[in-house]
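As structure tokens, the structure follows; a few thoughts come after it.
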Amino acid sequence: MATSLLKTSPLSVRTKLLHQTGLSLYNTSHGFYEEEVKKKLQQFPGGTVDLQKEDNGIGILTLNNPTKMNAFSGVMMLQLLEKVIELENWTEGKGLIVRGAKNNFCSGSDLNAVKALATPEDGVALCMFMQNTLTRFMRLPLISVALVQGWALGGGAKFTTACDFSSVMLWVVESKRVKVPGKYMYEQVNKLMTPESKIRFVHKEMGIIPSWGGTTRLVEIIGSRQALKVLSGALKLDSKNALNIGMVEEVLQSSDEAKSLEEAQEWLRQFIQGPPEVIRALKKSVSSGRELYLEEALQNERDLLGTVWGEPANLEAIAKKGKFNK
């Protein structure tokens with residue numbers, strides 16, 4: 001029955017855009033000529049965007065341009081779209097961690113590209129290209145988290161807003177191990193922020209506003225009043241302030257690059273336990289609830305249910321646990 005309903009359900013254009021791979025937000029009818037933008041971005045090399053896909057279903061996306069604090073070069077923007085397309089087709093994937101190389105997240109866009117693409121037409125074209133890339137990133141059927149170390153400035157700050165969990169910041173924590181009945185815990189003695197660990201939307205100081213969808217997503221994450229404060233004040237958000245306003249979900253303890261990545265993976269695992277098809281359907285359902293009108297979201301939820309109800313994971317869970325078992 002569910003399968004037949006799926007076949008006859010008329011999908012809206014908005015729903016198709018949300019879940020079909022390979023579709024762009026913009027085309028020539030919007031005045032967007034993607035190939036022309038790509039040719040311009042190709043002129044600005046430097047750095048790479050690296051993707052590592054683990055057997056446990058967690059992907060690690062690394063912005064790797066450490067000599068420029070992992071700023072996005074034109075080539076890196078192109079590579080980011082390529083990696084998003086690769087992730088759209090990674091059917092075994094469940095989660096994704098975004099980070100920067102060498103204990104820094106991302107300092108924004110490479111100024112060489114910014115200076116060269118100086119006309120309003122160039123700015124709008126780049127905005128449309130990155131809006132498309134980060135919206136497709138946000139719609140990935142993967143639960144994503146940004147691991148922020150060092151600075152997340154400008155474009156780096158905008159990238160954190162495209163992740164499901166806005167960002168995971170770092171404290172350097174002096175602690176002592178204390179034995180308590182049945183378990184160990186850590187009593188925090190002194191907390192010190194690493195001086196460079198901050199999120200900051202610097203766009204006002206550059207004479208522009210955040211694009212790439214950054215303003216829209218920031219309002220959704222922290223609300224319009226807080227977003228206006230953060231953007232108009234170009235505030236430097238340390239982990240305490242970011243946690244207080246809802247930009248940060250968790251504060252990690254390790255300042256070591258490898259250990260903090262392990263910590264982030266462990267934190268993410270609690271949300272991706274289960275078969276990939278179930279986790280991916282959950283993420284798609286949440287995305288539809290966020291982006292679609294109520295009737296469309298309800299239809300999409302129903303259609304997604306038809307892809308997992310009565311399937312092996314569902315039948316196995318029922319047989320193993322029973323409806324009322326705890």
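At-a-glance table
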item: Inter-probe distance in nm under a simple model that places probes 7 Å from Cα toward Cβ, at residue 224 and residue 243; result: 3.0 nm
item: Distance (nanometres) between label positions extended 7 Å along Cα→Cβ at residue 39 and residue 234; result: 3.5 nm
item: Model label zone, residue 102; criterion: amide N under 14 Å from point 7 Å along Cα-to-beta-carbon; scope region 52-85; result: 63-72
item: Gap separating the Cα centres of region 226-280 and region 127-167, nearest whole Å; result: 12 Å
item: 19 Å Cα-Cα reach of residue 284 towards aspartates and glutamates, excluding residues that sit fewer than 8 places from it in its own chain; result: 86, 88, 92, 164, 220, 295, 296, 301, 303, 311
item: Long-range HN-HN contacts of residue 73 with modeled amide H, under 5 Å; result: 110
item: Cross-link pairs 115/158; 38/158; 38/94; 83/198 - those with Cα-Cα distance over 24 Å; result: 38/94; 83/198
item: Region 40-168 shape via C-alpha gyration tensor axes, a/c threshold 1.5; result: prolate
item: Distance in nm between pseudo-label sites at residue 251 and residue 25 (7 Å out along the Cβ direction from Cα); result: 3.3 nm
item: Modelled FRET efficiency - R0 30 Å, residue 115 with residue 216, Cβ distances, 0.05 increments; result: 0.70
item: For region 193-326: accessible area per residue (Å², 1.4 Å); result: 61 Å²
item: Within-15-Å neighbourhood charge of residue 67 [Cβ basis; K, R +1; D, E -1]; result: +1
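The values are calculated or read from the model by the stated rules, or taken from the named source; none is laboratory data. Since the structure is predicted, the reported quantities are computational estimates derived from the model, not experimental observations. Heads up, the Cβs are rebuilt from the backbone with ideal geometry, glycines too, and the neighbour counts pull from every protein chain shown. Heads up: the accessible areas ignore ligands, DNA and RNA and are worked out on the full protein's heavy atoms, side chains in. Shrake-Rupley method; radii C 1.70, N 1.55, O 1.52, S 1.80 Å.
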